[in-house]
Amino acid sequence: MNKDEVETKRDEPKIDKMLQPFYEFVKIESSGGLVLILATIIALIWANSPWGYVYEAFKNIPVTVGVGNFVLSKPSILWINDGLMAVFFFLVGLEIKREVMVGELNSFRQASLPIFAAIGGMVVPALVYALINAGTNSADGWGIPMATDIAFSLGVLSILGDRVPLSLKIFLTAIAIVDDIGAILVIAIFYSSGISLWILGLGMLFFVCMILLNRLGVRHPLPYLFFGFLMWLAFLKSGVHATVAGVLAAMTIPSSTMICCADFLGSMRGHLMEYELGGDKNAITLSNKQMLSALGDMNRDVLMASPPLKRIEHNLHYYVAFGIMPIFALANAGINFSAEGGGVDVFHPVSLGIFFGLIVGKVAGICLASWLAIKSGMAEMPHSLMPGHFLGVSLLAGIGFTMSMFITTLAWDTSSPFIVDAKFSILTASAVAGVLGFLVLRSCPLATDCAK
């Protein structure tokens, strides 16, 4: 073994430690994708079963929350899409902030390739849909094929295991994050209506209060939760979609530590010594004030060394991946294929626009934008990736499930006949994109990734 190989082996534990948060993120997203698939299958079976009427009743159960004259009453489907999805977008906002500060979007040089790829993967699908639906009353759905579902796409990559380099997973994750930013802007600008400026101004006042909390060094989540809820409520009534409040709230969560690494290590050594001096062989420590004091001090220092953004993101991931997202899929993926349910027209401009937008538009947009960025020198070709990887990942980016379904609920009224065609096309295109992406990446030769 030569000197370079020895150095590489020595650096591997450090690299693995640095990438541990990413490994954990991919693991949760991949597992959540499997739960999403199960929830989607249950929704489809339920909606087309003899108990389909129960499914429709479940979506329209009236839920009322409030006290006295302050009452908010909506069907359960809107509580899910406006309420629970605000929590999902809050998590998306936390991920965006982390990626911009310390992740793949930390510098333009590092982020340039996924940024260009994501922009191409949003613009071209929207153009494909717009061309197919030009001059029709279904043209408002142009934002539907722009999105990428990170849970499903990473779920497919996880099945491939070590056949795909880690850099490809990071590239796809970065694309999906930029994609989410684009989707949030599209929702805020183009899918908000009847805006009340004074109520929106009230919501922004609550946002400013959250910024002040951050500036004042407040790190406990409850004050942020209080003002975040008020901001969500104001946005809900303002006409700007309430999920945008979730993203704005995430931007105010503190992301820095209150103690540096050296001070933390020194302090913890002192607490451990205090704990050791106060201990004995008896396992019962509740009566030992010195040991309890040392434990309390250690807990305080751990909280000071742990950014609230990271703690909240870590804890929230499980609830979103295994709770909120499956509930959203269960409530929105149930399509009644019977004539009584409205049927599905696979040749309708809506169906064709979404299908070809996700399958053809995503591939053309991501591959072309990546090629132009690399050829122009604005981005670098990752040494461990090959052209086949770009084709495969652009196909996986065509899995638009969650965000595409969500934008569908905003593009048209719930009674619109386009809803069924759009959802069917999203499911079909996502399935085709997933299978084709899997086959393309599986056929790629194994690549050595230095980040492994």
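Scan the stretch 399-429 for residues that are assigned to a helix (DSSP H, G or I), closer than 18 Å to residue 41 by Cα and not aliphatic (A, V, I, L, M) and jot them down.
401, 402, 404, 406, 421, 423, 424, 425, 428
Could you list, in sequence order, the residues of the stretch 127-150 that are assigned to a loop (DSSP other than H, G, I, E, B), touching a residue at least 60 places away in the same chain (Cβ under 8 Å) and more than 17 Å from residue 346 (Cα to Cα)?
So in the stretch 127-150, the residues assigned to a loop (DSSP other than H, G, I, E, B) come out as 133-138, 147-149.
Imposing the further condition that a residue be touching a residue at least 60 places away in the same chain (Cβ under 8 Å) reduces the set to 133, 136, 138, 147-149.
147, 148, 149 - these are the residues of the stretch 127-150 that are assigned to a loop (DSSP other than H, G, I, E, B), touching a residue at least 60 places away in the same chain (Cβ under 8 Å) and more than 17 Å from residue 346 (Cα to Cα).
Scanning the stretch 397-421 for residues that are of a type in the set (S, T, N, Q) and more than 21 Å from residue 155 (Cα to Cα), which turns out surrounded by the fewest Cβ atoms within 10 Å (Cβ to Cβ)? Spell out the reasoning first.
So in the stretch 397-421, the residues of a type in the set (S, T, N, Q) come out as 402, 404, 408-409, 414-416.
With the extra rule that they be more than 21 Å from residue 155 (Cα to Cα), the set shrinks to 408-409, 414-416.
Numbers: 408: 25, 409: 22, 414: 12, 415: 7, 416: 18.
Across the stretch 397-421, the extreme among qualifying residues is 415.
Would you mind stating whether residue 437 is under 17 Å from residue 155 (Cβ atoms) and either assigned to a loop (DSSP other than H, G, I, E, B) or of a type in the set (D, E, K, R) (or both)? Quick ask: steps written out before the conclusion?
Numbers: under 17 Å from residue 155 (Cβ atoms): yes; either assigned to a loop (DSSP other than H, G, I, E, B) or of a type in the set (D, E, K, R) (or both): no.
Criteria not met by residue 437.
Return yes when residue 107 is among the hydroxyl-bearing types (Ser, Thr, Tyr) and in contact (Cβ under 8 Å) with a residue 40 or more places away in the chain and no when it is not. Outline the logic, then answer.
Numbers: among the hydroxyl-bearing types (Ser, Thr, Tyr): yes; in contact (Cβ under 8 Å) with a residue 40 or more places away in the chain: no.
The answer is no for residue 107.
Is it true that some residue in the stretch 49-59 is closer than 28 Å to residue 230 by Cβ, in contact with a helix residue (DSSP H, G or I) (Cβ under 9 Å, 6 or more places away or on another chain) and not in a helix (DSSP H, G or I)? Before you say what the answer is, go through the steps one by one.
First, the residues of the stretch 49-59 that are closer than 28 Å to residue 230 by Cβ: 59.
Next cut, in contact with a helix residue (DSSP H, G or I) (Cβ under 9 Å, 6 or more places away or on another chain) only: 59.
From what's left, not in a helix (DSSP H, G or I): none.
Checking the stretch 49-59: not a single residue is closer than 28 Å to residue 230 by Cβ, in contact with a helix residue (DSSP H, G or I) (Cβ under 9 Å, 6 or more places away or on another chain) and not in a helix (DSSP H, G or I).
Can we say residue 394 is crowded, with 16+ Cβ neighbours inside 10 Å, modelled with pLDDT of 90 or more, in the same structural domain as residue 335 (by TED's automatic domain parsing) and closer than 21 Å to residue 347 by Cα? Steps first, please.
Values: crowded, with 16+ Cβ neighbours inside 10 Å: yes; modelled with pLDDT of 90 or more: yes; in the same structural domain as residue 335 (by TED's automatic domain parsing): yes; closer than 21 Å to residue 347 by Cα: no.
Answer is no for this residue.
Every residue, every condition in (1) under 16 Å from residue 173 (Cβ atoms); (2) of a type in the set (S, T, N, Q), yes or no:
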position	(1), (2)
72	no, no
84	no, no
91	yes, no
96	yes, no
101	yes, no
107	no, yes
111	yes, no
115	yes, no
124	no, no
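Looking at 395, 368, which is the one that is under 18 Å from residue 117 (Cα atoms) and under 20 Å from the mean Cα position of the chain (by Cα)? Lay out the reasoning, then the answer.
On the way: 368 fails: under 20 Å from the mean Cα position of the chain (by Cα).
Of the residues listed, the single one that is under 18 Å from residue 117 (Cα atoms) and under 20 Å from the mean Cα position of the chain (by Cα) is 395.
Could you tell me whether the stretch 127-145 includes any residue that is buried (at least 21 other Cβ atoms within 10 Å of the Cβ) and within 25 Å of residue 381 (Cα to Cα)? Explain how you work it out, then say what you get.
Of the residues in the stretch 127-145, the ones buried (at least 21 other Cβ atoms within 10 Å of the Cβ) are 128-129, 132-133, 138, 141-145.
So of that shortlist, the ones also within 25 Å of residue 381 (Cα to Cα) come out as none.
No; the residues of the stretch 127-145 include none that is buried (at least 21 other Cβ atoms within 10 Å of the Cβ) and within 25 Å of residue 381 (Cα to Cα).
Return a yes/no flag: does the stretch 67-79 have any residue that is modelled with pLDDT of 85 or more and under 18 Å from residue 247 (Cα atoms).
Start the filter on the stretch 67-79 by keeping residues that are modelled with pLDDT of 85 or more, which leaves 76, 79.
So of that shortlist, the ones also under 18 Å from residue 247 (Cα atoms) come out as 79.
Yes, the conditions are met somewhere in the stretch 67-79.
The values are calculated or read from the model by the stated rules, or taken from the named source; none is laboratory data. Bear in mind the structure is a predicted one, so any value in this text is a computation, not a measurement. When we count neighbours, we look across all protein chains shown, and the Cβ atoms used for this are built from the backbone with ideal geometry, even at glycine.
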